[in-house]
1. With a 10 Å Cβ neighbour count serving as the proxy for reagent exposure, in which order, fewest first, do Met43, Met127, Met295 appear?
2. Determine the alpha carbon to alpha carbon distance for each of Lys117/Lys137; Lys146/Lys224; Lys68/Lys117 and list only those over 21 Å.
3. For the stretch 128-185, what are Rg and Dmax over the alpha carbons, in angstrom?
4. Just want the ordering: Ile306, Ile219, from fewest to most Cβ atoms lying within 10 Å of their own Cβ.
5. Would you mind pulling out the separation of the Cα centroids of the stretch 143-172 and the stretch 289-307, in Å?
6. So for Thr148, Thr275, fewest C-beta neighbours within 10 Å to most, what's the order?
7. May I have the pair-distance distribution P(r) for the stretch 9-114, computed from all Cα-Cα distances with 5 Å bins from 0 and rounded to whole percent?
Amino acid sequence: MEEDIAPNYEIRRKNFQGTLPVQIRLDYSEIYIDKELPTYYIMQPRMSYFFLLIPQLIEFYSELLEGKGISNDEYWFSCRGEPLRFDLPIGVLYDTFIRENSSHDNLPFKICLHYHKFPTYSLQKGMSKYIFQQSLKESSMMRVGKATAVQDRLEHVRSMLNSIKEGKYDDFWRYNEEIGEHSLSQLKYFPVRIVINRHYHPYMLKEEKDSIKGNAFVIQRPVKVDATDICIGEYLAKTLSKYFFIQTEVIVDEDNIEEEKQNEVEVVERSIKGTEVIVNGLDIDLDTSLTWLIMNLSAQDNFLYITVRVPSESIE
């Protein structure tokens, strides 16, 4: 099985090197000047994180922020009025909040920078510096049942994060090989996270949904490593049964019409027309091998991020 699902290193490299144009502005309501605020533009790796931009944004807006005594922990980002989670890669946030039917009309990714009224209802203040480290520990625990390789190499973790920010693939993997590379026989579970553009729980009441603010809901469901590979549609049908389901179809063998030979096949369908399944900016067919996606398109914290976008008109 190891040979069958060996990673394609060229795809891994291209996955790492994907970028997004980003536009960032200070919140107009938090600063009082009689001229237009400057706008910050940058190409960012899809696998990077917004909190890594805070030092250079402080420098860019230094004339406006000087003397305000703001600590780095006070800054946060929003998109369309919603706070952006620190623990999700930039590309995942874009796919969840903005991307619609492969359209490029919503580029650049327009973000607002804030330093007042930190949204403690949805973000943890002061935790951004530990997020990548924590995510690596979680994925390591799922994969091999321990996180000592991460804890014992925190300097490597910081170097990995810097390599992600600067888009240096070879530097990243030089460090990651000591932390995250294991043979298939050593692995117990594959780490997978679903990010959906609404709050979802099969037993969540509507009034409970209404009481929660924010709209990037993360479901963490690891996949057991064994000899059986499943398609991403089967995984989603088991995890998001409200939006995906398996049905049996009868297929007639056209080469044996006279014998009326029929075969039954199981196919995964979407409960709501227009629901999108996206991995790192790519529209994914529901019959795609989940193991192949994990081996080739996982993020740098070793999680596979699957974005599910439910059409806005169908969201309760």
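1. Details: Met43 10, Met127 13, Met295 18.
The most exposed by this proxy come first: Met43, Met127, Met295.
2. Details: Lys117/Lys137 30 Å; Lys146/Lys224 16 Å; Lys68/Lys117 15 Å.
Long pairs (Cα-Cα over 21 Å): Lys117/Lys137.
3. Calculated on Cα positions, Rg and Dmax stand at 11.1, 33 Å.
4. Working: Ile306 27, Ile219 15.
Neighbour counts put them in this order, fewest first: Ile219, Ile306.
5. If you average the Cα positions of each part, the centres end up 17 Å apart.
6. Working: Thr148 10, Thr275 17.
Going from least to most buried by this count: Thr148, Thr275.
7. Reading the bins upward from 0: 2, 10, 22, 23, 18, 12, 7, 3, 1, 0, 0.
Every number in this text was worked out from the coordinates using simple rules, so none of it is lab data. Keep in mind it's a predicted model, so treat the numbers as computed, not measured. Glycine gets a Cβ as well: all are built from the backbone with ideal geometry, and neighbour counts include every protein chain shown.
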